[in-house]
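Here is the structure we will look at, set down as structure tokens.
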Amino acid sequence: MIIGCHVGMSSPEYLLGSCKEATSYNANTFMFYTGAPQNSIRTDLKYLKIEEARQYLKEHNIDIENVVVHAPYLINLANCEDVEKLNLSMNLLDTEVKRTLAIGTKYLVLHPGCSLKADKNVAIKQVSNCLNTIIDNNPGIVILIETMAGKGSEIGINFNEIKTIIDGVNNKDAIGVCLDTCHINDAGYDLTKIDDLLDEFDNIIGLNKLKVCHINDSKNERGAHKDRHENIGYGTIGFDNLCSFIYNKRLEGKIFILETPWVQCVRKDVYQYVAYPPYKFEIEMIRNRKFNENLEKDIDELYNK
Ligand code: FE
Ligand code: FE
Ligand code: ZN
């Protein structure tokens, strides 16, 4: 099983630090932002310890092709109102694509954006056109459109919208999908019926287009259009449904990435809450297919010293 989680990337070890964080959770892949997701300031590639990271991954038998980059969420290719902002989005995405390729991987997860006040079909067409430009300029990249929860004017909130984006992209090898279990639950899909769900995905988009799955439970009921992630087995989707998804034969070989929230523990010395990552225990419970009802306690014991 290829399973990992979202990890940080920061000074001084940068990408090497991300790799070490991932292996500390017993992950065999990971996802990261190449810089702060909410701005366009980027540390020069020469400081990211890319060679050291690649060496480390090799020693740990991790295929760098399974490592995933997430594009900054301020990119909005669906903005049809403000040309200047659209140009900024295009430049930022182009930079991220080049950074992804320079690191030696190819999968870049992208939120399809928000149509704002524009007609949804017009916005979707524009996203495809923008992707064509980016893809033509950057051979080798594979952009994965993420399924969205349907907050505000988000596009990509059902399989048909994502299919329409893909249809507008000329180079089909350079486009795929990242399915987020929390997002599709919040968008209204029923995760208690995984085979029906995968049938629908396969009929509309094709499961061969699915490269990465974000595995998150949800704080909200199906169809809430909220997008708030919950720890595995602690939300409205539930452990058994998430496992039925992950262990479905048709998803064998897909890349699974956890984006669940860090867990708050009380620091006795300062009487303050401090958050710690849940991933070591969540990966363990998924691999063992056994729910851990003591997640908070286990995290507290491991990290809160
Ligand atoms: Fe995302
Ligand atoms: Fe996600
Ligand atoms: Zn989300």
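Starting from the Cα of LYS290, draw a straight line to each of the lysines and keep only those under 16 Å, dropping any in the same chain fewer than 8 residues away. List returned: LYS280. Please give the net charge around LEU57, taking every other residue with its beta carbon less than 13 angstrom from that of LEU57, where Lys and Arg add +1 and Asp and Glu add -1. Net charge in that neighbourhood comes out at -2. Considering helices alone, the calculated mean residue ellipticity of the chain at 222 nm is -11500 deg cm²/dmol, with DSSP H runs of length four and up weighted by -39500 (n - 2.57) and normalised per residue. Across the chain, C-alpha contacts under 8 Å between residues 6 or more apart give a mean separation that, scaled by the residue count, equals a relative contact order of 15 percent.
Given the Cα-Cα distance of ASP136 and TRP262 and 0.36 nm per residue of separation, how much length would full extension add, in nm? List each step's numbers first, then the result.
Values: separation 126, 0.36 × 126 = 45.36 nm, distance 3.81 nm.
Between ASP136 and TRP262, full extension yields 41.5 nm more.
Taking all Cα pairs closer than 8 Å and separated by 6 or more residues, the relative contact order of the range 71-139 comes to 44 percent. For the range 1-115, the normalised intensity computed at q = 0.16 Å⁻¹ comes to -0.71 (log10 of I(q)/I(0), Debye sum over alpha carbons, equal scatterers, no solvent). DSSP finds beta bridges in the range 60-191, and of those with both partners inside it, around 10 percent are antiparallel. Starting from the Kirkwood radius over alpha-carbon pairs of the range 196-274, derive D by Stokes-Einstein at 37 °C in a medium of 0.692 mPa s and give it in µm² s⁻¹. In µm²/s, the coefficient is 225. Between the C-alpha center of the range 108-124 and that of the range 41-72 there is a gap of 29 Å. Remark on the range 153-305: hydrodynamic radius 16.7 angstrom, per the Kirkwood mean of 1/r across alpha carbon pairs.
Of all DSSP bridge pairs formed entirely within the chain, close to 20 percent run antiparallel. Between ASN288 and LEU101, the simple spin-label model (points 7 angstrom out along Cα→Cβ) gives 4.4 nm. Among the listed pairs LYS151/LYS209; LYS20/LYS297; LYS172/LYS219; LYS106/LYS151; LYS106/LYS172; LYS193/LYS226, which have their C-alpha atoms separated by more than 26 angstrom in this model? In this structure, LYS172/LYS219; LYS106/LYS151 lie more than 26 Å apart at Cα.
When the Kirkwood hydrodynamic radius is evaluated over all pairs of different C-alpha atoms of the chain, what value in angstrom, to one decimal, is obtained? Taking the inverse mean of 1/r over all distinct Cα pairs, the chain comes out at 19.8 Å. Using each residue's phi in the range 151-157, evaluate 6.51 cos²θ - 1.76 cosθ + 1.60 at θ = phi - 60° and report the 3J(HN,Hα) Karplus result to the nearest Hz, with x for Gly and Pro. Whole-Hz 3J(HN,Hα) from phi for the range 151-157: 6, x, 9, 3, 10, x, 9. Normalised by 2.2 N^0.38 Å, where N counts its residues, the alpha-carbon radius of gyration of the range 45-168 equals 1.14. Computed from backbone phi with θ = phi - 60° and the Karplus coefficients 6.51, -1.76 and 1.60, the 3J(HN,Hα) list for the range 58-65 is 4, 4, 9, 6, 9, 7, 4, 5 Hz; x is used for glycine and proline. Here r is the Cβ-Cβ distance between ASP199 and ASN129 and R0 is 35 Å; the resulting FRET efficiency, rounded to 0.05, is 0.70. Here the simple spin-label model places points 7 Å from the Cα toward Cβ, and for ASN87 and ASP173 these points are separated by 3.3 nm. Apolar share of the accessible surface for the chain: 47 percent from carbon plus sulfur atoms, 1.4 Å probe.
Per-residue Karplus couplings for the range 174-191, computed as 6.51 cos²θ - 1.76 cosθ + 1.60 with θ equal to phi - 60°, are listed in order as 9, 9, x, 10, 10, 9, 9, 5, 5, 4, 6, 4, 5, 6, x, 6, 9, 7 Hz, Gly and Pro entered as x.
The values are calculated or read from the model by the stated rules, or taken from the named source; none is laboratory data. Everything quoted here is computed from the prediction, not taken from an experiment. Glycine also receives a Cβ, built like all others from the backbone with ideal geometry; neighbour counts cover every protein chain displayed. Surface accessibility is based on the protein's heavy atoms, side chains included, excluding ligands, DNA and RNA. Shrake-Rupley method; radii C 1.70, N 1.55, O 1.52, S 1.80 Å.
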